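The block underneath contains the structure these notes are about, expressed in structure tokens.
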Amino acid sequence: NNRVKIKALLASDETGHEVTVMGWVRSLRNNQFIALNDGSTNNNLQVVIELGQLDEATFKRITRGASIRVTGEVVPSLGQGQKVEVKAKQLDILGDCDAEKFPLQPKKQSLEFMREVAHLRFRTNTFGAIFRVRHSLAFAIHNFFNQQGFVYLHTPIITSSDAEGAGEMFRVTTLPATNPPLNEQGGVDFTEDFFGKSTNLTVSGQLEGELGAMAFSDIYTFGPTFRAENSNTTRHLAEFWMVEPEMAFYDLEDNMNLAEQFIKYIIQYAMDHNREDLEFLAQRLADEEKQLPQDKRSELGLIEKLEFVLNNGFERITYTEAIDILLNSSAYKKKKFQYEVKWGVDMQSEHERYLVEKHFKKPVIVTNYPKDIKSFYMRQNDDGKTVAAMDILAPGIGEIVGGSQREERLELLEKRMKDLNIPTEEMSWYLDTRRYGSVPHAGFGLGFERIVLFVTGMTNIRDVIPFARTPKNCEF
Ligand code: 4AD
Ligand code: MG
């Protein structure tokens, strides 16, 4: 079996040997040239069939979308942009495709339409490129942490705690939806449920990650997380993937340094391994932006933007400085912000994007947020007002990373949890890390789809996850 993938075949100029290729027909030109794609690259392989070589019936079945197997000789190509092509000796139809009905038509189709045929969109150039880049970024994440000696810790999907304390969880239950058992107060009696208590899909693996860091020093998680926040935006998913490293003996500055190094590493990895796909996506973005008025277009192309990020340090400012910048901005003075700006408010995406896109024009790490807008586990600063938090904001996206140094002092953590009505007895397992050999530690969470958006230049998060889950939308 001489089966080869098209990417490997096109990468070499070796000719004269026989190969077998399999894939889906993208087009048939002049009844002679088949553009064949197998998903390994956006570059189609030209398969040449000689006139009269196939019987009429088989020939008619070579339609856009059909799957075929071809065995033939690799020969030098006269066509543009490819060194070799395959001269078919044997061609078999594996699966027919009615080209009239096939939703993927040769003309350019909108991303909105593609979301409606999401089950087929992998077979287009745009989504082929996006999901190969996504794959590489995922691979790079494991590479990076593995090289740094981090242990990949698998944290649970079903949990009984709310890591972010934001109450945005999907409940997991086996109780019947109608007439569930009730307790004396008339509420649902979860002691009758599968786990004997109320459980949810995890919003973050961090708390369990901290348990790991208290033994292995450095761990990371990388898995799906779930949030029932009803934000129907281009940046939010109900199911998204998060990368969460957690490091013992790290303070906030170590945390920022690692996060910046990590983000640059994975971008560099994609630049090194997915150049063609990134160039394709850069062109797609440039074409799309041509439709926009001049002032709405990006100053840099996609590749230049990524290079710029790789070659420049991220800006580092405190939350207090960020608010000052916003208050002194012309956007604020001209009342261009929809949401309020004052010390203590949670910055909205319009504010984050002003900082990165208009003011600094590069990624920004914002630190030391007011404690009241951040999670219970963040380390309290001496000023009594702020915590050692850090968010990384990226141009075009807004927040891509949220992290902090953790509160390692038992009394302060317990007090904070009590103030926020977080049950300390049920979370005794978590507090044990502070009871038995507590150490300063820190970590962060990178929203995987957000970095995929950034690297691919796409603008809607539904387009960078294979199967998007958003409010009122759970196909498949
Ligand atoms: O800022 P968040 O909520 O932080 C945490 O969950 C921490 N436990 C992380 C940690 O310190 N280990 O979420 C982290 C990141 C955000 O910065 C954002 O990129 C992404 O996760 N994110 C989402 N991505 C897509 N859809 C959503 N609904 C998201 N919510 C958060
Ligand atoms: Mg956050």
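Couple of notes before you dig in:
- Some residue of segment 25-35 being modelled with pLDDT under 95, basic (Lys, Arg) and exposed (fewer than 15 other Cβ atoms within 10 Å of the Cβ): yes
- Within segment 428-449, being more than 16 Å from ligand 2 (Cβ to nearest atom) and not in a loop (DSSP other than H, G, I, E, B) holds for 428, 429, 430, 431, 432, 433, 434, 435, 441.
- Counted residues, segment 430-476 - those being modelled with pLDDT under 95 and within 30 Å of residue 249 (Cα to Cα): 0
- Yes/no for residue 362 being of a type in the set (D, E, K, R), surrounded by 15 or more Cβ atoms within 10 Å (Cβ to Cβ), assigned to a loop (DSSP other than H, G, I, E, B) and in the same structural domain as residue 414 (by TED's automatic domain parsing): yes
- For segment 28-37, the condition of being of a type in the set (D, E, K, R) and within 24 Å of residue 278 (Cα to Cα) holds for none of the residues.
- The set of residues in segment 370-400 that are more than 11 Å from ligand 1 (Cβ to nearest atom) and either acidic (Asp, Glu) or part of a strand (DSSP E or B) (or both) comprises 370, 372, 380, 382, 383, 386, 387, 388.
- Selection within segment 413-427 - in contact with a helix residue (DSSP H, G or I) (Cβ under 9 Å, 6 or more places away or on another chain) and either within 16 Å of ligand 2 (Cβ to nearest atom) or assigned to a helix (DSSP H, G or I) (or both): 413, 414, 416, 417
- For residue 459, the test of being of a type outside the set (Gly, Ala, Ser), surrounded by fewer than 19 Cβ atoms within 10 Å (Cβ to Cβ) and either assigned by TED's automatic domain parsing to the domain that holds residue 284 or part of a helix (DSSP H, G or I) (or both) is passed.
- Residue satisfying condition, being in contact with a strand residue (DSSP E or B) (Cβ under 9 Å, 6 or more places away or on another chain) and without any contact (Cβ under 8 Å) to a residue 24 or more places away in the chain, within set 245, 180, 224: 180
- Qualifying position, being within 16 Å of ligand 1 (Cβ to nearest atom), surrounded by 14 or more Cβ atoms within 10 Å (Cβ to Cβ) and of a type in the set (A, V, I, L, M, F, W, C), among 337, 240, 280: 240
- Pairs, first over 19 Å from residue 167 (Cβ atoms) and within 10 Å of ligand 1 (Cβ to nearest atom) in segment 194-217, second part of a strand (DSSP E or B) and among the hydrophobic types (A, V, I, L, M, F, W, C), C-beta under 7 Å, six or more apart: 209/219
- Here 327, 420, 413 are screened, and the one residue that is of a type in the set (A, V, I, L, M) and over 21 Å from residue 210 (Cα atoms) is 327.
- Residue match in segment 181-197 (condition: in contact with an Asp or Glu (Cβ under 7 Å, 6 or more places away or on another chain) and part of a loop (DSSP other than H, G, I, E, B)): yes
- Search result, residues across segment 401-430 that are within 16 Å of ligand 1 (Cβ to nearest atom), without any contact (Cβ under 8 Å) to a residue 60 or more places away in the chain and farther than 20 Å from residue 320 by Cα: 407, 408, 413, 416, 417
- So residue 252, is it buried (at least 20 other Cβ atoms within 10 Å of the Cβ), closer than 30 Å to residue 471 by Cβ and aliphatic (A, V, I, L, M): no
- The residues on offer are 272, 254, 287, and the sole one that is closer than 24 Å to residue 316 by Cα, away from ligand 1 (no atom under 11 Å from the Cβ), acidic (Asp, Glu) and not in a loop (DSSP other than H, G, I, E, B) is 254.
Residue by residue, here is whether (1) of a type in the set (S, T, N, Q); (2) under 23 Å from the mean Cα position of the chain (by Cα); (3) within 21 Å of residue 251 (Cβ to Cβ) holds:
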| site | (1), (2), (3) |
| --- | --- |
| 319 | no, no, yes |
| 325 | no, no, no |
| 353 | no, yes, no |
| 370 | no, no, yes |
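- Count - residues of segment 84-135 that are small (Gly, Ala, Ser), part of a loop (DSSP other than H, G, I, E, B) and in contact (Cβ under 8 Å) with a residue 24 or more places away in the chain: 2
- Residue tally, condition within 20 Å of residue 236 (Cβ to Cβ) and in a loop (DSSP other than H, G, I, E, B), over segment 342-359: 4
- Segment 5-58, subset out of contact with any strand residue (DSSP E or B) (no Cβ under 9 Å at 6 or more places or on another chain) and not polar (S, T, N, Q), residue farthest from residue 76 (Cα to Cα): 57
- Residue check for residue 404: of a type outside the set (A, V, I, L, M), part of a loop (DSSP other than H, G, I, E, B) and within 14 Å of ligand 2 (Cβ to nearest atom): no
The values are calculated or read from the model by the stated rules, or taken from the named source; none is laboratory data. If you're wondering where the values come from, they're calculated on a predicted model, not measured in any experiment. Here the Cβ is made from the backbone with ideal geometry for all residues, glycine too, and neighbour counts use every protein chain on show.
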